[in-house]
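The values are calculated or read from the model by the stated rules, or taken from the named source; none is laboratory data. Please read these numbers as outputs of a predicted model, since none were measured by experiment. Backbone-built Cβ (ideal geometry, glycine too); neighbour counts: all protein chains shown. Calculation scope for accessible area: heavy atoms of the full protein, side chains included, ligands and nucleic acids excluded. Shrake-Rupley method; radii C 1.70, N 1.55, O 1.52, S 1.80 Å.
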2 protein chains.
Amino acid sequence: MSIFGNNYDTIDGTRVKKSPVRLEMSYDLIFFFREEIVMDKVKVTFLPGNKTVSVSKGSTILQAAIAADVKVESNCGGKGTCGKCKVQLADRNLTPISKAEEKFLSKSELSEGFVLACQRFLEEDTVISLREQKDSFSRKTGLKNIAEDIPINPSIAKHFLNLNPPTIEDQLPDWDRVKNALPVKDIPFDRSLAASLPGILRKSKFKVTAVLDENELLAIESGDTMDRSFGLVVDIGTTTVAAYLMDLNSGRVVGNGALTNPQQFFGADVISRINHASLGPDALLQLQEKVIGGLNNIIEVLCKEHRLKAEEIYQVIIVGNTTMSHLFLGIDPTYLAPAPFIPVFHESVKVTARELGLKILPSGKVIVLPIVAGYVGSDTIGVALATKVDRLSGITLAIDIGTNGEMILAGKGRILTCSTAAGPAFEGAQIKYGMRAAEGAIEEVTITEDVELKVIANIKPKGICGSGLIDAISEMVHSGVIDESGRIAGEPEELAMFSPQLRDRIREGESGMEFVLAWSKDTENGQDIVLTQKDIRELQLAKGAIMAGIKILLIEMEIDEQQIDRVFLAGAFGNYIKKESALGIKLLPNLPLERITAIGNAAGDGAKIALISVAERKRASDIARVAEHIELSSRRDFQDFFLESLSF
Amino acid sequence: MSIFGNNYDTIDGTRVKKSPVRLEMSYDLIFFFREEIVMDKVKVTFLPGNKTVSVSKGSTILQAAIAADVKVESNCGGKGTCGKCKVQLADRNLTPISKAEEKFLSKSELSEGFVLACQRFLEEDTVISLREQKDSFSRKTGLKNIAEDIPINPSIAKHFLNLNPPTIEDQLPDWDRVKNALPVKDIPFDRSLAASLPGILRKSKFKVTAVLDENELLAIESGDTMDRSFGLVVDIGTTTVAAYLMDLNSGRVVGNGALTNPQQFFGADVISRINHASLGPDALLQLQEKVIGGLNNIIEVLCKEHRLKAEEIYQVIIVGNTTMSHLFLGIDPTYLAPAPFIPVFHESVKVTARELGLKILPSGKVIVLPIVAGYVGSDTIGVALATKVDRLSGITLAIDIGTNGEMILAGKGRILTCSTAAGPAFEGAQIKYGMRAAEGAIEEVTITEDVELKVIANIKPKGICGSGLIDAISEMVHSGVIDESGRIAGEPEELAMFSPQLRDRIREGESGMEFVLAWSKDTENGQDIVLTQKDIRELQLAKGAIMAGIKILLIEMEIDEQQIDRVFLAGAFGNYIKKESALGIKLLPNLPLERITAIGNAAGDGAKIALISVAERKRASDIARVAEHIELSSRRDFQDFFLESLSF
């Protein structure tokens, strides 16, 4: 760890000076799947919530939690290597302490009955206490059928073939015998499939099912397997890798899983990863192997849970930011970091799973959706596909807000994109009491006579998350605690206007004015939770960059903001943000509320659409081809719009 | 060895009953290459022949032999692992005995000054004695320019690119920057090439040379490398793997090498190899790895000798019989052995060197020319290409005689092929005193009052090779020693017609009549060398099968044999056969001598043509597509023609 750590620090220091630093959103990591368990049952009750479930004797607590649909964090998929699935037993003598537990649990935790849920096998009825955690990762797009309005037409097609065995009068080669029976022309020869074809044909008495991906023959399966056909969709985030297993016959999501991106080891943000990759081919390979290894773990668990063979997964669609796409493919991302931010490719890339070492059908294709630019990746294309920006009438604005804000403005037959380093304020980073959207985070703020807070998990607040911050500042603007320029009211005549409770909360802090959101007596750590003048400036920089980007897109399209017919807020953040507050701080164009819609993980939805419909996948390439990327750093007017957009 | 040996025997025994056994030609193995050596010289003289050459001090005797253009057998390319490069020193104290020499040389050989040529480093002027060996492997097509009448137009093309570096106004991805500068459309994205592209472009200051194979980008090389471009042609025989290194700019052969097919370990003939492969995927992989490993050795030596990097070899063309093509590609050949002799593929196969583990440019393509049927392989397509059977006017018959006889009859807009198990008689196998065409083999026989022999290397005869056998029997027919039915004259009234010398040579042997070719006093081993009645029957079966095949082709084309305008005899055997004798035993249609031409290794020539001309390579596929294969075993009339063709 220290070797890589040292390398980063040095390189990071150097690189940061060379190029704008871009950071990425962080989500809580989760891993969830479903299973119905039968026979030899024990009863397990989860507290709080009092959820009871019957599971097979010998199941782990983690499996029971899955069956009960209560969330238990797990990174390693039950291997006992991450130590995340901590739960507390009501009855403390289940089975002996495992090595993994010795490693991950403190003595006091062990004495309090904490165990790792994956390490404990249920032999009798058990009561388990969970510290319930709200996490910011939306399950909205989890198990629903995203194909409702998309005709199911994947590029994968299966054909059952009942072939005539060869004779001395009919010496057609095996490959040609199969090929000629298929309704597709120009099937290219595949050496590795041909290698074992003779045995399969004869073992199956020449009754086989061919798996085609467009005109490519991927596999020949014994007998009739028409009813089984699976694909995988993967959204590679800098922080989280999320995967969705889909049934290609029904177009339904049958399961999903997520994992912290194992590249975290080489740094939390894309710049750290790029810096590591730039050390040379071995370092690049390390990064690639990390993400592919993590994905293989997810695949293994999904296959086990849903009782399928990895070889029944025929195709994978990948979305991610441009850096993640490069690293996943093992392509040198070095020159994405410094200006002029040059990617190596932009087209959709198709490689075999075999070439990448991804453990699905080896001849199955892994398709990375096209990218637009160095900081507008295939995840943005996914958003465009899911929101149909290219097909909606009027003007559509889609924004994916994270550390980077990626924006699409579509209309008048054009699709414009830009990207801006929004800054980490929206994740709570660089905010004095900022934190991720986890339990104890202030997520809603109301200011009237005094301040009212809503805290995730209803416990004493520990800090404030991005949506809470926007809420707080919107309320402070509304109540006059800060003025349009973002200055906290401090003059006596200003203070005189507030209620005594509010007046108390405005004070001179260590580094300028600050506003107390929660008093020490009410907080988790016994300190006042405040928003500082500097915190407000950080948010202004972030939202100013986004609004400036939007304004430049509007100018490029020669429209004004009132002509925007709809705004889509994509990403987990967009799901939690209060629209009124976003408008309140002028993060978004000043439009009627009903024109603004949060749409969740649209990037992932776009990838699912690309998997179940080859026509939609081709549309993704069309969108990428026609998309006009506006490089904000090349725009002389960006600075002006930026400054103009700082005010509330 | 014993494990595999046992497996074979069992399986061989079983399989042989199921299907006709086909065996393959065996050639002497050789390994030769050329090099000019300069500086710090020592003089080396080779006896007999008195050839003197100056080579660098520290060179091996093997290298000196190469420089002197004297042939020294070597299988392992100078690694000291085959023990074949035995030579004798005039001066016996060069350097100490190496381990390899201890292993491969007997004590008496060591005491006589025998050494391994690859193990001895030349430090002073030296005289070396070689036992000169004539071998049957034709060098005719070795180093000459085979491209004389073929326009040089390989599918490999290089383009020097002087690109503009990217700027913030010109953010074209690296791949697209290269792609857009090339004169070819629709270049597919190549992940592995893209992986390292950014570094190469910037290190070369965006001055690079692109290597294209049709519309595929194979490599981006730093700077201007337009003058260097190489390809390889490989003829994979069951017995010998021969490779030719070619300069794609000039179309010239720049070097060559050959090696005993390392699959020999698993049996000498195709049926043994198929039986081994049919044991399972691991056994198949073993066979594939053997031939690819051997080929990699040849490539390594060729690269060293001709001072090029393996990555400068951009393409490989492979010809071989159908079984060899399957094994090279790692494709299960099991069902080639039993009727109905079904291959897995017939089209030309193109795979990357990377996929096969062949050590040229990893993205370079290895192209196996198309095959026609289970026993008419890409070597036959090579013959067709080299002889231009598809473009010559009139009727052309091309025959490649080995253990199998492959025949092409072209004319009237059609190309017919057939294959017949000619039997091993032409290699001297199953002939009492039969042997390969090596030193001591009777290669020509003249019968007048007595018998005159010509023996390879002018030593006492040890046996008789295929061409000698045909000669002998032709002369015996001509002189009346055997009659048209093949019976050796034995009745007193018949014997009375001969000279006393001939009469003495006709006698009753252990198993019927026999004819003495050489008396014990004149032979190497002190035994009479005879041709038995059984030997003659063996030859009759072999030549009868070939003539029957030709007759069926003639019937299929609805012509008689006199309409054949030309006959090409391909293969090493064809080079050594005396045309008069071939006609004398009715191995060939009865045509004027001038219509019959021996053309050497036409299969290899065809592969060279396919390498230097993409148009010719496509023609190979056209020929394979239009070729009509006549499966003789499905013809009821074959047996009749066969019996009819047995007579002389």
- Task: Provide a list, ordered by number, of residues in region A:315-331 showing at least 10 Å² less accessible area with every protein chain present than when their chain is taken on its own, using a 1.4 Å probe.
- Result: A:Leu329, A:Gly330, A:Ile331
- Query: Rounded to the nearest 100 Å², what is the sum over both chains of accessible area buried where B meets A, with a probe of 1.4 Å?
  - Reply: 3400 Å²
- Note on the structure: Sorted shortest first, the nm distances from the B:Arg354 label point (7 Å along Cα→Cβ) to its counterparts in the other copies are 1.3
- In whole angstrom, how far apart do the alpha carbon centroids of region A:253-303 and region A:458-534 sit? 40 Å
- Message: Which positions within region A:345-380 get 10 Å² or more of their accessible surface covered by the other protein chains, compared to the chain by itself, with a 1.4 angstrom probe?
- Response: A:Phe345, A:His346, A:Glu347, A:Val349, A:Val351, A:Glu355
- Given H placed 1.01 Å from N in the peptide plane, which residues other than close sequence neighbours of B:Asp528 have an amide H under 5 Å from its amide H? B:Ser520
- Taking a 22 Å limit on the Cα-Cα distance, which of the listed pairs A:Lys350/B:Lys205; B:Lys179/B:Lys205; B:Lys359/B:Lys388; B:Lys454/B:Lys579; A:Lys43/A:Lys103; A:Lys454/A:Lys579 fall beyond it? A:Lys350/B:Lys205; B:Lys359/B:Lys388; A:Lys43/A:Lys103
- Task: First select every other residue whose beta carbon is under 13 angstrom from the beta carbon of A:Gln315; then total the charges, Lys and Arg +1, Asp and Glu -1.
- Result: -1
- Item | Computed label-point distance, nm, for sites A:Phe265 and B:Gln639 using a 7 Å Cα→Cβ extension | 7.1 nm
- Query: Residue farthest toward the positive end of the dipole of region B:188-287, with Cβ of Lys/Arg at +1 and Asp/Glu at -1: which of B:Pro188, B:Phe266, B:Ile200?
  - Reply: B:Ile200
- Query: For region B:552-633, what class follows from the C-alpha gyration tensor (a ≥ b ≥ c being the square roots of its eigenvalues): rounded when a/c is under 1.5, otherwise prolate if a/b is larger than b/c, else oblate?
  - Reply: oblate
- Taking a ≥ b ≥ c as the square roots of the eigenvalues of the Cα gyration tensor of chain B, is the shape rounded (a/c under 1.5), prolate (a/b larger than b/c) or oblate? oblate
- Task: Find how many whole Å separate the alpha carbon centroid of region B:316-332 from the alpha carbon centroid of region B:370-429.
- Result: 18 Å
- Residues with amide H under 5 Å from that of B:Arg120, placed H, sequence gap 5 or more: B:Ile61, B:Leu62
- Gyration tensor verdict on region B:356-456 (Cα atoms; rounded if a/c is under 1.5, prolate if a/b is larger than b/c, oblate otherwise): oblate
- Tail fraction, Cα-Cα pairs, the protein assembly as shown, threshold 53 Å, whole percent: 41 percent
- Note on the structure: at B:Pro338 the sorted inter-copy label distances (label 7 Å from Cα on Cβ side), in nanometres, are 6.7
- Taking amide hydrogens as modeled 1.01 Å from N in the peptide plane, which residues meet the under 5 Å criterion relative to A:Ile506, leaving out close sequence neighbours? A:Val516
- What do you get for Rg/Rh over region A:230-368 if you use C-alpha atoms and the Kirkwood form of Rh? 0.98
- Query: What number comes out for the charge environment of A:Leu385, summing +1 per Lys or Arg and -1 per Asp or Glu over other residues with Cβ under 12 Å away?
  - Reply: +1
- Message: Taking the solvent-accessible surface of protein heavy atoms with a 1.4 Å probe, what is the per residue accessible area of chain B in Å²?
- Response: 39 Å²
- Task: Specify, for chain A, the residue whose C-beta is closest to the rotation axis mapping it onto chain B, with the distance given in whole Å.
- Result: A:Glu355, 5
- Note on the structure: Reported to the nearest 10 Å², A:Ile482 has, with a 1.4 Å probe, an accessible area equal to 0 Å²
- To the nearest whole number, what is the average tally of beta carbon atoms from other chains within 10 Å of the beta carbons of peptide B:186-193? 4
- Note on the structure: Of the convex hull drawn through the C-alpha atoms of region B:330-408, the volume per residue in Å³ is 126 Å³
- Karplus-derived 3J(HN,Hα), 6.51/-1.76/1.60, for each residue of region B:356-366, Hz, glycine and proline x: 8, x, 7, 8, 10, 3, x, 7, x, 8, 9
- Message: Just to confirm the numbers: B:Asp522, label point 7 angstrom along the Cα-Cβ line, distances to the other copies in nm, shortest first?
- Response: 12.3
- Message: What is the sum of charges, Lys and Arg at +1 and Asp and Glu at -1, for the other residues whose Cβ falls under 13 Å from the Cβ of B:Met497?
- Response: -4
- Query: Looking at region A:298-327, which trypsin sites (Lys or Arg not before Pro) are DSSP coil and have at most 13 other C-beta atoms within 10 Å of their C-beta?
  - Reply: A:Arg307, A:Lys309
- Task: On a 0 to 90° scale, report how tilted helix B:378-387 is relative to the longest principal axis of chain B, with both axes built from alpha carbons and the result rounded to the nearest 10.
- Result: 90 degrees
- Item | Cα-based reach from B:Lys41 at 18 Å (exclusive), listing lysines while leaving out same-chain residues under 8 positions away | B:Lys51, B:Lys57
- Could you give the size of the charge dipole of chain B about its Cα centre, using +1 on the Cβ of each K and R and -1 on the Cβ of each D and E, expressed in debye and rounded to the nearest 20? 1740 debye
- Query: Of A:Val516, A:Leu469, A:Val481, which is farthest on the positive side of the dipole of region A:396-518, counting Cα position, with +1 on Lys and Arg Cβ, -1 on Asp and Glu Cβ, and the Cα centre as origin?
  - Reply: A:Leu469
- Message: I'd like the orientation of helix B:533-557 relative to chain B: the angle between its Cα long axis and the longest Cα principal axis, in ° from 0 to 90, rounded to 10.
- Response: 60 degrees
- For region B:567-648, which whole-number percentage of the solvent-accessible area (1.4 Å probe, protein heavy atoms only) is attributable to carbon and sulfur atoms? 53 percent
- Task: Can you tell me the alpha carbon radius of gyration of region B:178-242 divided by the globular rule-of-thumb value 2.2 N^0.38 Å?
- Result: 1.43
- Residue by residue through region B:513-525, the couplings from Karplus 6.51 cos²θ - 1.76 cosθ + 1.60 with θ = phi - 60°, in Hz, x for Gly and Pro, are 5, 8, 10, 7, 7, 9, 7, 3, 4, 9, 9, 4, 9
